Amino acid sequence: MPKQIVIGREGNQPFALNDPKVSGRHAVLIVHENGALQLADTNSTNGTFIYNGHAFARIMPGKVYNVSPDSMIRLGPETQFHVRRLIPKPVKDPPISPERPKRYDISKLRLLYDDYHEKKINLDSKSDSINGMRSMIMLISMATGGCSGVLADLFGLSNNKLMSTLLGVGIGLTLVIVLNYVIKSRQEKVRRDRQANEHDFAVNYCCPGCKLPFKGKVYENILAEGKCPKCKAEYYESHR
Ligand SMILES: [Zn+2]
């Protein structure tokens, strides 16, 4: 839809026209969507003129004339101006500042990465030693059974075969139960520590810009790639 700018003392042009020789609705400027401009005199009293390079020529009322922003027009005998003054300035889009990618010092991620792996190795060796204890239980309970005779002697019960056997079995069982309990609770602690370690790493080992998780990606690779695949933030490492 072409836009119409009514020119006159009662017009909607961007500046006031107070010349009494200009009609209330003197002329109209048609602004086409492609930027083409046309001027028409709307039966003004004193006429509309377009400068043709030599002189102002009066235009026929009701007929449209092509003009350009540089065309000089005159309303009546005195008021003249360039067509461009009628055109509201296009609202300039704020210059698209190429958004500079954010930069992040990711040296704390190196600490996180190292810390995670150190903890992981520690927990692995702990769980290895717990497994070692488990197999020791078997040995201890067997040995205890075997030593029952010796123990029975110590308690002066060597004469009583039944008592010495019961004592051996009792001590063996007690040891197995106690050690099993110790192992269970240690295993549980290792399991919880491992879970916390994995959780902390998964949550904190991520892009400082958009929190994209790195999912255990090797730190050196992240640093080498130098930027986030998602938010394009740039990574660097401050000198340690
Ligand atoms: Zn990111």
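For the stretch 26-36, the count of residues that are among the β-branched types (Val, Ile, Thr) and in contact with a Lys or Arg (Cβ under 9 Å, 6 or more places away or on another chain) is at least one. Of everything in the stretch 216-240 that is within 16 Å of the ligand (Cβ to nearest atom) and of a type in the set (Ser, Thr, Tyr), the residue that is farthest from the chain's Cα centre (by Cα) is 219. Across the stretch 187-215, what is the number of residues that are β-branched (Val, Ile, Thr) and within 16 Å of the ligand (Cβ to nearest atom)? Going through the stretch 187-215 one residue at a time, the tally reaches 1. Among the conditions (1) under 19 Å from residue 118 (Cβ atoms); (2) in contact (Cβ under 8 Å) with a residue 12 or more places away in the chain; (3) out of contact with any helix residue (DSSP H, G or I) (no Cβ under 7 Å at 6 or more places or on another chain), residue 204 misses just one, which is (3).
Criterion applied to 127, 141 was being outside the structural domain of residue 17 (by TED's automatic domain parsing), surrounded by 11 or more Cβ atoms within 10 Å (Cβ to Cβ) and in contact with a Gly (Cβ under 8 Å, 6 or more places away or on another chain), and the one residue passing it is 141. Meeting the requirement of 3 or more residues that are surrounded by 17 or more Cβ atoms within 10 Å (Cβ to Cβ), the strands (runs of 3 or more DSSP E) wholly within the stretch 1-113 are 27-31, 37-41, 48-51, 72-75.
The values are calculated or read from the model by the stated rules, or taken from the named source; none is laboratory data. Small disclaimer: the values here were computed from a predicted structure and weren't measured. Here Cβ is always computed from backbone atoms with ideal geometry, including for glycine, and neighbour counts include all displayed protein chains.
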